[in-house]
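**Q** Just dropping this structure here.
The values are calculated or read from the model by the stated rules, or taken from the named source; none is laboratory data. Here the structure is a predicted model, which is why all the values come from computation and not from measurement. Positions of Cβ are backbone-derived with ideal geometry, glycine not excepted, and every protein chain shown enters the neighbour counts.
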Amino acid sequence: MIPTLLVFGYLATVFYIGIFAFRRGGGGAEDFFLAGRSLGTTVFLLSLFGTNMTAFTILGASGHAFANGVVTFSLMASSSAIVIPLTLFFFGTRLWALGKKHGFITPVQMMRDRWECGHIGSFITVVQTVFLVPYIIISVMGGGAALSAISGGMIPYWVGGAVVAIVVMSYVFFGGMRGTAWVNTFQTILFLSFGSVTIVVIGYGMGGFAPAVEGMLAEAKQAVMLTREKVSPAYFFSYMFIPLSSIAFPHMAIFCLTAKKMAAFRKTVVLYPLCIMAVWLPSVFLGVMANRATEVPGIQAKLEARAALPGAAPEQREQLQRQAAGDDVLLLLLEQYAPLWLAGLLGAGIMAAVMASDSQILALSTMVTEDLFAFYGGKERFGEAAQVLTGRGFVVGVTVVAYIVALRAPGAIFDVAVQYAFTGFAALCPLLWAALYWRRSTKWGALAATVWSVAAVAGIAVFQAVVTVPGVVVQWGEWAVLERTARGTSVLGFMPVLPVTLISLGLLVAVSLATRAPGEATLGRYFKSRPGAALQP
């Protein structure tokens, strides 16, 4: 009960922050959706980082490391520490400047104006919404798993997911972007400090990490966890494309518009890699070390289920995969090795990362109200107050849908995010590049890339639904074109994100070169005029 009560105390705190933000709000659409473009450097850095660190980072990373070893850090954290700050520098700053200049609230508003398109922008909005829902679902999944584990099973998974969904929905509903930013700032401080304390506490409880590492090195099956051998070079390289999805996520792009000054990006770009290291290192390392915590009944059961998987009958595989999943190993370690009161505080730190779905929910609300409701005349007909009310209503609707799906969502958090949300948005990243930097890009090129992205992600989902047994291969001559793996799908040995993103870029370039570019008046608002442009017909 003690850890559970401490976590509920944390939930009450973030709910109050949202109510307080509601009282400070101005009431207009720009204030609700962008906090009046008024976030200072510290809040901007912490809230931007916090909104990108979700259940995927804490629970998903430790679970993936439990099954695959230290390579998890190299797969995501190392590449993210390089790629995400670069995309913030090149894309985020330009997006902020254009938003400030033209009053854009969403990236699609910029794309509509830049490419002189209407309904194509609506299609991009719908696609972004579909791709973002899995990311929201994994946060609800993480919340349910976290509360269930922290309470020792007293709170069922479905109740835990409902509690997290209701709290997040409430402070987003009332506080909007200001409440979301303040809550994310508070949450980021919690889970940044969570890592070092957790490593010390669990390491002491396990009798030191040195004996655990030596024990893993002494056993061939566990020694591989301390190498890169469980991931092929092609699969490893594919992960470099995953962080491209970050800036294409609507909640990240919209957050870039909330900064008060351009200077906020400077410190963010410099400190972002350090923040990633502070969060990912403890999560991955403890996930690996969980393989030696055989005195923890829950972890021992997972190890036994993992050992039984290779020879299991097809009808038993799904149940064994669920039992072997490691999304809750960090919580099981806390329960075993931390004092009750400290386990509650550290559990609150985990909940802080798990509940970062607030920005995604608000981003969907912003897109629906600005890119659909307002674009098709709703704001002019019903007023700005109705626009904000529509946004709040959508917050409720998308949270309910995410919760219902999370109750039935299969697979581990890490794999669900990588296969669907990250792959889809990485494939949409070329749109942002083209809109911001390539003068010759067109709306038809953007449409071709978007249609391809949808078709590719849908194809992955269908393939994995039809082919459920790992090892099944679709051959073309000597080439293994598609292979069903334990993690999902590989294409020619690579993760789907690599070919899907490269083909998306190729389609955007080819179709743009074959179609008519926007007019010089439009291009003049985004790029310096070319010599002789005025003489062109």
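**Q** Being outside any loop (DSSP other than H, G, I, E, B) and touching a helix residue (DSSP H, G or I) at 6+ places or on another chain (Cβ under 6 Å) is the filter here; which residues of the stretch 143-157 pass it? Walk me through it before giving the result.
**A** Initially, the stretch 143-157 is screened for residues outside any loop (DSSP other than H, G, I, E, B), giving 143-150, 157.
Within the stretch 143-157, G143, G144, A146, L147, S148, A149, I150, Y157 meet the criteria.
**Q** Go over the candidates A343, A338, A352 one by one and state the one that is under 27 Å from F15 (Cβ atoms) and touching an Asp or Glu at 6+ places or on another chain (Cβ under 7 Å).
**A** Details: A338 fails: touching an Asp or Glu at 6+ places or on another chain (Cβ under 7 Å); A352 fails: touching an Asp or Glu at 6+ places or on another chain (Cβ under 7 Å).
Answer to the selection: A343.
**Q** Are any of the residues in the stretch 199-214 in contact with a Pro (Cβ under 6 Å, 6 or more places away or on another chain) and more than 30 Å from T423 (Cβ to Cβ)? I'd like the intermediate steps shown before the answer.
**A** Of the residues in the stretch 199-214, the ones in contact with a Pro (Cβ under 6 Å, 6 or more places away or on another chain) are 199.
Narrowing further to those that are more than 30 Å from T423 (Cβ to Cβ): 199.
Yes, there is a match, as at least one residue in the stretch 199-214 is in contact with a Pro (Cβ under 6 Å, 6 or more places away or on another chain) and more than 30 Å from T423 (Cβ to Cβ).
**Q** Given (1) crowded, with 16+ Cβ neighbours inside 10 Å; (2) in contact with a Ser or Thr (Cβ under 8 Å, 6 or more places away or on another chain), identify the lone condition not met by V467.
**A** Going through (1) crowded, with 16+ Cβ neighbours inside 10 Å; (2) in contact with a Ser or Thr (Cβ under 8 Å, 6 or more places away or on another chain) one by one, V467 breaks only (2).
**Q** Then there's this: List the pairs whose first member sits in the stretch 203-217 and is surrounded by fewer than 17 Cβ atoms within 10 Å (Cβ to Cβ), whose second member is small (G, A, S) and part of a helix (DSSP H, G or I), and whose Cβ atoms are under 6 Å apart, counting only residues at least 6 apart or on separate chains?
**A** L217/A223
**Q** Does F265 satisfy the criteria of being at negative phi, at pLDDT below 90 and buried (at least 16 other Cβ atoms within 10 Å of the Cβ)? Before the answer, list the steps.
**A** Values: at negative phi: yes; at pLDDT below 90: no; buried (at least 16 other Cβ atoms within 10 Å of the Cβ): yes.
Answer is no for this residue.
**Q** With the checklist (1) under 25 Å from the mean Cα position of the chain (by Cα); (2) under 26 Å from L334 (Cα atoms); (3) aromatic (F, W, Y) in hand, flag the one item F265 doesn't pass.
**A** So the condition that F265 fails would be (2).
**Q** Can you tell me which of (1) in contact with a Ser or Thr (Cβ under 6 Å, 6 or more places away or on another chain); (2) within 13 Å of F32 (Cβ to Cβ) is the one A386 doesn't meet?
**A** (1)
**Q** Only one of these is β-branched (V, I, T), surrounded by fewer than 24 Cβ atoms within 10 Å (Cβ to Cβ) and either at pLDDT 90 or above or outside any helix (DSSP H, G or I) (or both): V462, V481, V416. Name it. Can you show your working first?
**A** Working: V462 fails: either at pLDDT 90 or above or outside any helix (DSSP H, G or I) (or both); V416 fails: either at pLDDT 90 or above or outside any helix (DSSP H, G or I) (or both).
Selected residue: V481, the only one of V462, V481, V416 that is β-branched (V, I, T), surrounded by fewer than 24 Cβ atoms within 10 Å (Cβ to Cβ) and either at pLDDT 90 or above or outside any helix (DSSP H, G or I) (or both).
**Q** For the stretch 70-77, indicate whether the set of residues that are hydrophobic (A, V, I, L, M, F, W, C) and in contact with a Gly (Cβ under 8 Å, 6 or more places away or on another chain) is non-empty.
**A** Filtering the stretch 70-77 for residues hydrophobic (A, V, I, L, M, F, W, C) gives 70-71, 73, 75-77.
Subsequent filtering for residues that are in contact with a Gly (Cβ under 8 Å, 6 or more places away or on another chain) retains none.
No: zero hits.
**Q** OK, next. Name the residues in the stretch 156-172 that are under 23 Å from M367 (Cα atoms) and either of a type in the set (D, E, K, R) or surrounded by fewer than 22 Cβ atoms within 10 Å (Cβ to Cβ) (or both), would you?
**A** Listed by number, the residues that qualify are I166, S170.
**Q** Here's something else I'd like to know. Cβ-Cβ under 7 Å, sequence separation 6+ or interchain: first residue in the stretch 454-474 and farther than 20 Å from I242 by Cβ, partner in a loop (DSSP other than H, G, I, E, B) and of a type outside the set (D, E, K, R). Which pairs?
**A** From residues that are farther than 20 Å from I242 by Cβ, the pairs are P470/T485; P470/A486.
Conditions (1) acidic (D, E); (2) assigned to a helix (DSSP H, G or I); (3) touching a strand residue (DSSP E or B) at 6+ places or on another chain (Cβ under 8 Å), marked per residue:
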| residue | (1), (2), (3) |
| --- | --- |
| A253 | no, yes, no |
| K261 | no, no, no |
| F265 | no, yes, yes |
| T268 | no, yes, no |
| P282 | no, yes, no |
| F285 | no, yes, no |
| M289 | no, yes, no |
| T294 | no, no, no |
| A301 | no, yes, no |
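**Q** Among the residues of the stretch 353-363, are any farther than 16 Å from A29 by Cα and among the acidic types (D, E)?
**A** Within the stretch 353-363, one or more residues are farther than 16 Å from A29 by Cα and among the acidic types (D, E).
**Q** Another question about this same structure. Taking only pairs six or more apart or across chains, which ones have beta-carbon atoms under 6 Å, a first residue in the stretch 49-68 that is over 12 Å from I276 (Cβ atoms), and a second residue that is modelled with pLDDT of 85 or more and polar (S, T, N, Q)?
**A** Close Cβ pairs satisfying both conditions: I58/S283; S62/S283; H64/T72; A65/T72.
**Q** Within the stretch 83-93, is even one residue surrounded by fewer than 23 Cβ atoms within 10 Å (Cβ to Cβ) and over 30 Å from V231 (Cβ atoms)?
**A** The answer is yes, given that some residue of the stretch 83-93 is surrounded by fewer than 23 Cβ atoms within 10 Å (Cβ to Cβ) and over 30 Å from V231 (Cβ atoms).
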